[in-house]
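First comes the structure, then the notes that go with it.
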Amino acid sequence: MDKVVSLCKRRGFIFQSSDIYGGLSNTWDYGPYGVELKNNLKRAWWKANVYARDDISGMDAAILMHPKAWEASGHVQNFFDLKSDCKNCKKRFKSQELKDKNKCPECGGTLTEARPFNLMFKTYQGPVEESGNEIYMRPETAQGMFVNFLNILDSRHPKLPFGLAQIGKAFRNEITPGNFTFRTREFEQMEIEYFVLPKEADKYYKSWVEERFNWYLSLGIKKANLRKREHAQDELAHYAHSCTDIEYNFPFGWSELEGIANRADFDLKKHAEYSGRDLKYFDDATKERFYPYIIEPSGGVDRACLAFLVDSYHEEKVKDDLRVVLKLHKDLAPVKVAVLPLLRNRPEIVTLAKKIARDLKQSLISVYDDTGAIGKLYRRQDEVGTLYCVTVDVQILEDKQVTVRERDTMLQERIGIEKLKEYLSDKLGTVLLK
Ligand code: GAP
């Protein structure tokens, strides 16, 4: 884990938030490569769940919602952890994680009795900070989709089964955040709410568990590091009939990457009750009105990024050197191609290399780098997972060819510059579309 955290900082994937002020603990900023990885991951999810299907539409609901929505959802009443504070060092602990409920695990001081602590961030809407103006930062994106169910029925007239998909920020005032970006107070979720006939809920629940598990594998996660874990009855969230977690074998142990829940008709019924609106679905065929059941695959963008970073981190010995490579899937790699001049003191080589990089930039994410000797430049690109390095040397002046080096095998090929784009597009396929 330390190696991945250090690489993330060294190479510009992830930085501590507000670093120059000593950092805001457990809050992270994505740097130039991190944001590309994150965007590629979100694009891959959107492509698989929205563009590749006919039954799911995308959405982008606001972070702020009517406070009543959080009463209906049960978050005001149920979304809390029990916490204890140390009377001596003032640190706060999640009661569930304490071995000794009375003694501070850090300084040995006496702990207060366990008290409920709501995990929602509260703020005020408008200029006056008074009760009545209180509003919450959403702790999940899901509710934004449930409250739009009627708008979707009225505007799109979908037939069951159909789904909504959304990617967006969520906020939870976690008592014990940690493990780098695994548990933070501000994070991104990618959630699907899939509406089905009640009698078909179990069938779709099971098929979504498989579908989501396979999605991680399709992007290169090692099968040995991924598993499914069904929740016991006493572990289920207040809204869930059943739930299966997809877990990843992180360096700190098997932990949840995504949860797939059968939420039954809990959400639509509650929002109908609290809003006074009729949220039943009318089935043309049977002429029945009823609340559809909801199957919800809910994943974390940051957790998935962390899992892909950890899973792709690879070290190998090359001669006397240690080569560090991020063997990221081609759809996820932040940079597809790097163009590197072998001699940076030869203006004609530099000009040609820059022109090649500029041409490639039209269709794929590529970079130009001449800030070091070639060995150093290769090492740098390997560490961020760049798929191909195109090296421009003096020979180009005679044979109009460049050397293309593949990341994982390090095999090199001489390719004519006029064939370079075609060669790379054959190798990279659809990722060429930016
Ligand atoms: N709508 C259901 C829901 O929000 P959840 O299991 O609480 O379910 C879903 O959250 C996913 O969101 C988790 O599997 C995880 O990937 C991500 N997630 C939840 N809390 C998080 C946190 N504090 N930091 C980072 N990711 C988190």
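Things to note:
- You can think of it this way: the chain between A62 and D29 has 9.7 nm of extra reach, that is 0.36 nm per residue less the Cα-Cα gap.
- Solvent-accessible surface (1.4 angstrom probe) belonging to L197, in square angstrom, nearest 10: 40 Å²
- Relative contact order (%) - the range 1-61, alpha-carbon pairs under 8 angstrom, separation at least six: 22 percent
- The stretch between D408 and N173, if pulled fully straight at 0.36 nm per residue, gains 80.5 nm over its current Cα-Cα span.
- Partner aspartates and glutamates for K317 [C-alpha distance under 19 Å; skip if fewer than 8 residues away on the same chain]: D382, E383, E406, D408
- Across the chain, Cα pairs under 8 Å and at least six residues apart give a relative contact order of 13 percent.
- Protein heavy-atom accessible surface, 1.4 Å probe, per residue over the chain: 49 Å².
- Residues of type lysines that K9 reaches as a straight line, Cα spacing below 20 Å, ignoring anything fewer than 8 places off in the same chain: K38, K327, K376
- The range 120-173 and the range 322-354: distance between their alpha carbon centers, rounded to Å: 43 Å
- Value of relative contact order over the range 335-432, rounded to a whole percent, pairs C-alpha under 8 Å and six or more apart: 28 percent
- Taking a sphere under 9 Å around the Cβ of I63 and counting the other residues whose Cβ falls inside, with K and R at +1 and D and E at -1, yields a net charge of +2.
The values are calculated or read from the model by the stated rules, or taken from the named source; none is laboratory data. The structure displayed is predicted, hence computed values, not measured ones. We place every Cβ from the backbone using ideal geometry, glycine too, and count neighbours over all the protein chains shown. The protein model used for the area step is the full one, side chains on, heavy atoms only, and it has no ligands, DNA or RNA in it. Shrake-Rupley method; radii C 1.70, N 1.55, O 1.52, S 1.80 Å.
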